[in-house]
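Here's the structure we're looking at; comments come further down.
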Amino acid sequence: MSMGSPFPGQGYNDGYSRQGSGIGGRLIIAVIIALIAVISYYGRPGDENKITGKSERVAMHDEGEEIAMGLQAKPEMVQQFGGVDPDPRARAQVSQMGAKLLDALDKKLAAEGRTNPYRDHFQFTLLADPKTINAFALPGGQVFITEALYRDLETEGQLAGVLGHEMGHVIERHSNKQMAKSQLFQGLATAGGIAGGDQQSAQMSQAIAQMVTMKYGRGDELEADKWGVRLMEMAGYDPNSMIGVMEVLEKASGNGPPEFFSTHPNPPHRIEEIKKDIQEQFPNGLRPGLIK
Ligand SMILES: [Zn+2]
């Protein structure tokens, strides 16, 4: 401790500086760190989402960064879930469904004078994992579905629903917004730890920060479900098939909860919300000819 002291036994250098940064000094540092965290989150106007037009607080301001991050993380995801599925027909069905949903979105956006910045970067990958029932998305357009979930689906419309839901996470930049929030909370947690001055308050602050920034929040999931409903209808599928997806997930949860549930609201609750969405989005009823 007193290695730097020229007089052993007296005049601890770090003891001296500790006096300088006692309660008062610690608080000042904590306040500065908290301010930096808050200013970098709130200090600039939100970015406009090019698809939804909504203003949002994000960590990566350029869609190119999101796309690069998704591409970078893709190989690890693929490896974690048994590699790319060996069945070329199933793989083609997944990527063709993705393309259909993207085309439908394009038409809608063109009518509103908007374009999809992720358009040419979306990739829909079927993963070989036969046991884990899951689907997920990385920022910038990487969408994945496991074979276990794919095989459990009963209709084309259900596949449209799953992929549409994952596209919703990309479109709404959910990971990116989570990152921004997580940076804010980590900053505040660090400040809290410093202000508290001991190990325990530091750990408590970190734990709270982690709880607040669980992977996708429940709100994000319901928002992604809404996109699923919207996109599948645009592409010519009956949005009620999204309810079928939830039933498939619920049945699957019989033998231990699949990962898909870990941060998701439970299926019965989601079914209720999906029914409400369909009512709200199509108050005059669904157009005829939609595929189940
Ligand atoms: Zn989701």
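The values are calculated or read from the model by the stated rules, or taken from the named source; none is laboratory data. Values in this document were obtained by computation on a predicted structure and should not be read as measured data. Counting neighbours? That spans all protein chains shown, and the Cβs are built from the backbone with ideal geometry, glycine included.
List of remarks:
- Some residue of the range 217-226 being within 16 Å of the ligand (Cβ to nearest atom), in contact with a strand residue (DSSP E or B) (Cβ under 8 Å, 6 or more places away or on another chain) and modelled with pLDDT under 95: no
- Checking each residue in the range 85-118 for being in contact with a Leu (Cβ under 8 Å, 6 or more places away or on another chain) and farther than 18 Å from Val162 by Cα picks out Asp87, Thr115, Asn116.
- Cross-chain or 6+ apart pairs with Cβ under 6 Å, the range 159-171 first and under 19 Å from Glu247 (Cβ atoms) and within 11 Å of the ligand (Cβ to nearest atom), then among the β-branched types (Val, Ile, Thr) and part of a helix (DSSP H, G or I): Val162/Val245
- Neighbours by Cβ (under 9 Å, 6+ apart or cross-chain): first from the range 270-292, under 16 Å from Met232 (Cα atoms) and at pLDDT 95 or above; second of a type in the set (D, E, K, R) and not in a helix (DSSP H, G or I): Leu286/Asp238; Leu290/Asp238; Ile291/Asp238; Lys292/Glu154; Lys292/Asp238
- With respect to the conditions (1) at pLDDT below 85; (2) more than 25 Å from Asp62 (Cα to Cα), Leu184 lacks only one, and its number is (2).
- Residue in the range 151-158 that is crowded, with 24+ Cβ neighbours inside 10 Å, at pLDDT 95 or above, within 22 Å of Arg218 (Cα to Cα) and away from the ligand (no atom under 13 Å from the Cβ) present: yes
- Conditions (1) within 16 Å of the ligand (Cβ to nearest atom); (2) modelled with pLDDT of 95 or more; number of the one not met by Asn240: (1)
- The range 126-145 residues that are among the hydroxyl-bearing types (Ser, Thr, Tyr), paired with ones that are assigned to a strand (DSSP E or B) and within 16 Å of the ligand (Cβ to nearest atom) (beta carbon under 6 Å, 6 or more apart): Thr132/Thr146
- Single unsatisfied condition, Ala137 versus (1) small (Gly, Ala, Ser); (2) within 16 Å of the ligand (Cβ to nearest atom); (3) surrounded by fewer than 19 Cβ atoms within 10 Å (Cβ to Cβ): (3)
- Selected residue (criterion: surrounded by the most Cβ atoms within 10 Å (Cβ to Cβ)) from residues of the range 38-56 that are of a type outside the set (S, T, N, Q) and touching a strand residue (DSSP E or B) at 6+ places or on another chain (Cβ under 8 Å): Asp47
- The set of residues in the range 231-250 being in contact with a helix residue (DSSP H, G or I) (Cβ under 6 Å, 6 or more places away or on another chain), assigned to a helix (DSSP H, G or I) and not polar (S, T, N, Q) consists of Leu231, Met232, Met234, Met242, Ile243, Gly244, Val245, Met246, Val248, Leu249, Glu250.
- Here Gly70 meets each of (1) out of contact with any helix residue (DSSP H, G or I) (no Cβ under 8 Å at 6 or more places or on another chain); (2) modelled with pLDDT under 95; (3) within 21 Å of Ile51 (Cα to Cα) with one exception, condition (1).
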